[in-house]
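First up is the structure itself, then whatever we jot down about it.
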Amino acid sequence: MITISEHTGIVAVNVFRVEPEQQQHVIDFLVENRHTPMKHPGCLSVNIHKGLDGTRVINYAQWRSWEEFETASKDPEFIAARKQAAELGLFDSHFYEVVFTSEAQSLDLLRE
């Protein structure tokens, strides 16, 4: 199960700006190539999100550590997949550390 919690590694947020008719193509590519990072130690999850307006796709990937990401990023297959991904649309990639999370309370719990 995918869990987002504080101080459990880093996340890569990759945003692709695409034409609406290309959105599904980008999603398909990312889903088909999810195993490239996931075969490396330290990759915890790959999550693909599509913008409701059709102009963006977000790839949110969790890594246990920056060092493990750096090691994976030296793999020729990983390099090739990132290069192909960058060619699919205007690509913006940044890394973050989760520093705070909060979960909404269930309506049932609020009624008690």
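Quick notes on this one:
- Yes/no for residue 51 being out of contact with any Cys (no Cβ under 7 Å at 6 or more places or on another chain), touching a residue at least 24 places away in the same chain (Cβ under 8 Å) and on the phi > 0 side of the Ramachandran plot: no
- Residue that is farthest from residue 7 (Cα to Cα) [pool: residues in region 37-55 that are open to solvent by 80 Å² or more (accessible area, probe 1.4 Å), modelled with pLDDT of 95 or more and out of contact with any strand residue (DSSP E or B) (no Cβ under 6 Å at 6 or more places or on another chain)]: 53
- The set of residues in region 63-91 that are open to solvent by 80 Å² or more (accessible area, probe 1.4 Å), within 16 Å of residue 39 (Cβ to Cβ) and in contact (Cβ under 8 Å) with a residue 24 or more places away in the chain comprises 64, 71, 77.
- Restricted to region 91-112, and to residues there that are in contact with a strand residue (DSSP E or B) (Cβ under 6 Å, 6 or more places away or on another chain) and either at pLDDT below 85 or of a type in the set (D, E, K, R) (or both), the residue that is farthest from residue 67 (Cα to Cα) is 92.
- Yes/no for residue 7 being open to solvent by 90 Å² or more (accessible area, probe 1.4 Å), more than 11 Å from the chain's Cα centre (by Cα) and in contact (Cβ under 8 Å) with a residue 24 or more places away in the chain: yes
- If you go through region 22-32 and keep only what is within 13 Å of residue 57 (Cβ to Cβ) and free of Cβ contacts under 8 Å to residues at least 60 places away in the same chain, you end up with 23, 24, 27, 28, 29, 30, 31.
- Qualifying position, being modelled with pLDDT under 90 and closer than 25 Å to residue 9 by Cα, among 61, 81, 72: 81
The values are calculated or read from the model by the stated rules, or taken from the named source; none is laboratory data. This one's a predicted model, so the numbers in the text were calculated from it and none came from an experiment. Counting neighbours? That spans all protein chains shown, and the Cβs are built from the backbone with ideal geometry, glycine included. The protein model used for the area step is the full one, side chains on, heavy atoms only, and it has no ligands, DNA or RNA in it. Shrake-Rupley method; radii C 1.70, N 1.55, O 1.52, S 1.80 Å.
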